[in-house]
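The values are calculated or read from the model by the stated rules, or taken from the named source; none is laboratory data. Not measured: the values here are computed from a predicted model. Quick reminder, even Gly has a Cβ in these numbers, built from the backbone with ideal geometry, and neighbours come from all protein chains shown.
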Amino acid sequence: MKLLAVIFIVLVCVVGCSGIPFQKTLYVSMESVDPWTLVEQFRNNSPEKFALINTIVFGYNWNKLSALGYIKVDAGEKTFTAVCINPMGVKLFELTGDKDKIDPHFVMEQFSRKGNFAGTVGEDIRRIYFDLTPSAGAVVNKKKIKIVFSEPAGSGILEYIFAGSAGLLVEKNYYEDGILNWRISYYEYLQKDGKNYPSGIILENYRYGYSLTIKLKEIRG
């Protein structure tokens, strides 16, 4: 919790407004949809290598602060580079990572004083951009307006929810002991070169009481 307080203080870039609104997914009947065909289509239409510029709103203790982020991802290799600056152009951090480790190339001193800041940010990036489809052994729960895939992950259960007329990933939920630990919601997909990109992403970490609201500004790859 001390780490989150430090993050909040240092991100004194701009006092955020009420947050970035995204259009909710329009739910339709999924009764005639084959679940695994849906997953395969989503996987095929997801970019493997890409670079994005996003605005990021960090919410903590009823306050919201903003920053600008650059993220470069190779989903196949599970590697990423992330850079975050404040609206004045001051670099806050630069990280690279893969599925096994996070390497902090630069972290503002206030971030690094307490807690594993690089690990916290890197884990959020992995959750958002990696492992966007369930494994072949996932349990399928087909509902009227959504299809839910569940599988073991770590010490809990990871849930993927597909919905909408295009049958895209709209949520990833992680539970431990039946309690929702974190949720990622994906909104307003757009296409570039035949690949789907969510224009809006919201990560809610219920264990630590913070949220990240990410709005896509530019696709660079």
*Give me the pairs, please: first residue somewhere in the range 83-108 and under 10 Å from Leu68 (Cβ atoms) and at pLDDT below 90, second residue anywhere and part of a loop (DSSP other than H, G, I, E, B) and not small (Gly, Ala, Ser), beta-carbon distance under 6 Å, and either six or more positions apart or on two chains.*
Asn86/Cys13; Pro87/Cys13; Pro87/Val14; Leu92/Met108
*asked:* With the requirement that a residue be within 15 Å of the chain's Cα centre (by Cα) and farther than 19 Å from Gly200 by Cα, what does the range 136-185 give you?
replied: Leu158, Glu159, Tyr174, Asn181
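This table checks each residue for (1) over 30 Å from Lys142 (Cα atoms); (2) of a type in the set (Ser, Thr, Tyr); (3) modelled with pLDDT of 95 or more; (4) surrounded by 17 or more Cβ atoms within 10 Å (Cβ to Cβ).
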residue	(1), (2), (3), (4)
Met1	yes, no, no, no
Val10	yes, no, no, yes
Val14	yes, no, no, no
Cys17	yes, no, no, no
Tyr27	no, yes, no, no
Asn61	yes, no, no, no
Ser66	yes, yes, no, yes
*Please give the strands (runs of 3 or more DSSP E) falling wholly within the range 116-221 in which 2 or more residues are of a type in the set (D, E, K, R) and on the phi < 0 side of the Ramachandran plot.*
146-153, 168-176, 179-192, 195-205, 210-219
*Which is under 21 Å from Arg43 (Cβ atoms) and modelled with pLDDT of 95 or more, of Ile161, Ile179?*
Ile161
*Assess whether Lys195 counts as being over 30 Å from Ser66 (Cα atoms) and at pLDDT 95 or above.*
no
